[in-house]
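The values are calculated or read from the model by the stated rules, or taken from the named source; none is laboratory data. Predicted model, so just to flag it, every value in this text is computed and none were measured. Every residue, glycine as well, gets a Cβ built from its backbone with ideal geometry; the counts of neighbours run over all protein chains shown. SASA here: full protein model, heavy atoms, side chains in, ligands and nucleic acids out. Shrake-Rupley method; radii C 1.70, N 1.55, O 1.52, S 1.80 Å.
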Amino acid sequence: MTVPSVRGMKDILPPDSARWAALESAFLAHAARFGFREIRTPVLEKTELFSRAVGETTDIVEKEMYTFTDRSGESLTMRPEGTAPVVRALLAHRAELGEWPVRLSYSGPMFRHERPQKGRLRQFHQFGAELFGTESPYADVEILAFLSGFLSSAGLDGVSLEINSLGDPACRPQYHRKLSGFLASREERFCDDCRRRREQNPLRVLDCKSERCMEATKDAPSILESLCDGCRSHFDAVEKGLAANGIPFSRNPRMVRGLDYYRRTTFEFVIPGMGAQNTVAAGGRYDGLAEMLGEKEPIPAIGFAIGVERLLMLLGEDGNAPTAADVYLVTSHRRFVDEAFRWKMELLGKGVRAEMDYEGRSVKSQFRRADKSGAKAVAVFGEAEDARGAVMLRDMAAGTQEEVSKDEAMRRLATFKEE
Ligand code: ATP
Ligand code: MG
């Protein structure tokens, strides 16, 4: 029996892998234009990083982490998200990263032990960006302009931006009390998870995806009505900045995020009508996270993460599947294989994707393969042409062929580079 892959973890095969690579380099290039430089952090971190940063009572830490004890008895976790590792790295390498603001982008796999379904995997991938060292609402607008600009340049339509403010330590406790009071009055209508959540982390009840909880919390008090002056004016400035820069948005006072470190601005890019997996990208401000990780002074910060699988799913198949080869070298006899192979190596060295047959297949079969490969030109090594120092060159699109000298054929083949 063959060994199956781990549930919820997928192989990314060609030609999908090429779409992945193209999307990733487009993201990193877009990020670089906005001044974000790429950081690559390890996949494994100390478990404590996430229990402190993401929050003990979040779904991620309570039930979704891949945590294990390694051979030296240390508790390690496969990163479930990218922000806490980036902040850890920022604190460790503060001086090397230059003056504030520091802008970092990342791309890589994340791991969560969730129930696999469409748009929900156990190994999934995120593109993300984090902006550190400024509390200014301009930073929030910049991050949202960056993200919405990338999503539309990737070709995503019909996505809408929802924003909220989660307040800060000055005003959130008061809202917690208000919300707890409201939730206590409808306790019996919640799912089992939410009955427990209600006491530990009341905000999380608003994020529950079960119908009954959504219904029961329909008229929950809005956090936007409980903001202190500082959070209120920050939120107003963000809304103004978005409007002034032509970024459409709507308020969603029920939006809380699955991570505890957020405060003030939070946002999601959602596709209406996609069910529970409708969020393509999400993020927010997390001014308190550096302190939670042991830093003495707070480091204001804001960032986002894009779910790559969900983005690719929404973008759909692109019609032009990439071709496998630019030119194909057909050999009519075994004795031409050495020479054709030298041509192939020379063409590859010139950046032309050349392909040929090593198995002594019939000319007919080689032509079939040439056709399938998408090659635009085929050179045929044949007895009669070879005697004249020539090959037959076939233009696959036009269906025409002509005999040309080997030097000329090589020169022409070298022009068939991938666009
Ligand atoms: P959700 O509410 O869908 O569970 P989340 O709040 O847990 O999302 P974040 O931690 O904010 O998600 O991650 C940002 C993005 O990463 C999500 O908007 C989504 O696109 C993607 N994502 C999160 N979890 C998964 C997963 N298990 N499989 C695939 N993509 C995911
Ligand atoms: Mg989740």
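If you take the alpha carbon atoms of the chain and fit the smallest convex hull around them, that volume is 209 Å³ per residue. Over the range 106-259, Cα pairs under 8 Å with separation of 6+ residues give a relative contact order of 28 percent.
Length available on full extension from residue 180 to residue 247: 0.36 nm per residue minus the Cα-Cα distance, which gives 20.7 nm.
Using the 1.4 Å probe convention, the accessible area of the chain works out to 49 Å² per residue with neighbouring protein chains retained. If I take R0 = 30 Å and measure r between the Cβ atoms of residue 214 and residue 3 in this structure, what FRET efficiency does the formula 1/(1 + (r/R0)^6) give, to the nearest 0.05? The calculated FRET efficiency here is 0.15.
Cys residues of the chain that find no other Cys beta carbon under 4.7 Å: 191, 194, 231. Between residue 359 and residue 222, the modelled labels are 6.6 nm apart [label points 7 Å from Cα along Cα→Cβ].
Among 339, 239, 48, whose mean-square fluctuation peaks in a Gaussian network model of the chain (Cα, cutoff 10 Å)? Its mean-square fluctuation being the largest, the pick is 339.
Extension gain residue 160-residue 277, at 0.36 nm per residue separation less the Cα-Cα distance, in nm?
Working: separation 117, 0.36 × 117 = 42.12 nm, distance 1.43 nm.
So the chain would gain 40.7 nm between residue 160 and residue 277.
Taking a straight line from the alpha carbon of residue 10, these lysines sit under 19 Å away, with near neighbours fewer than eight places off in the same chain left out: 118. Take the Cα of residue 187, step 7 Å along the line toward its Cβ, and report every residue of the range 198-226 whose backbone nitrogen sits under 16 Å from that point. Output list for this probe position: 198-202. The packing ranking, built from the mean of other Cβ atoms within 10 Å per residue, places the peptides 94-106, 73-85 in the order 73-85, 94-106, highest first. About the centre of its Cα atoms, the chain shows a dipole size close to 700 debye [charges on the beta carbon of Lys, Arg (+1) and Asp, Glu (-1) only; nearest 20 debye]. Between helix 337-349 and the chain, what is the angle of the helix's C-alpha long axis to the longest principal axis, kept within 0 to 90° and rounded to the nearest 10? Here the helix axis deviates by roughly 40 degrees. What the pair-distance distribution of the range 327-413 shows, using all Cα-Cα distances binned every 5 Å from zero, is 3, 16, 28, 30, 19, 4 percent.
Remark: for residue pairs 218/296; 372/406; 178/240, the C-alpha separation exceeds 32 Å in 218/296. A Gaussian network model of the chain, with springs between Cα atoms under 10 Å, assigns the largest mean-square fluctuation among 55, 283, 246 to 246.
Using mean Cβ contacts within 10 Å as the protection proxy, how do 259-265, 16-22 order, highest first?
Details: 259-265: 25.0, 16-22: 13.4.
The densest-packed peptide leads the list: 259-265, 16-22.
The length gained on full extension between residue 236 and residue 118, counted as 0.36 nm times the residue separation minus their Cα-Cα distance, comes to 38.8 nm.
Sorted by average packing, counted as other Cβ atoms within 10 angstrom per residue and highest first, what order do 363-372, 297-306 take?
Values: 363-372: 15.4, 297-306: 21.0.
The packing order, highest mean first, is 297-306, 363-372.
Solvent-accessible area assigned to carbon and sulfur over the chain amounts to 51 percent, based on a 1.4 Å probe.
A Gaussian network model of the chain, with springs between Cα atoms under 10 Å, assigns the largest mean-square fluctuation among 323, 217, 266 to 323. Considering only alpha-carbon pairs that sit under 8 angstrom and 6 or more positions apart, the relative contact order computed for the chain is 14 percent.
Along its principal axes, the range 269-327 has C-alpha extents of 60, 37, 13 angstrom, given from the largest down.
Relative contact order of the range 327-413, please, whole-number percent, based on alpha carbon pairs below 8 angstrom and at least 6 residues apart.
Values: 130 pairs, mean separation 25.9, N = 87.
Dividing the mean separation by the residue count of the range 327-413 yields 30 percent.
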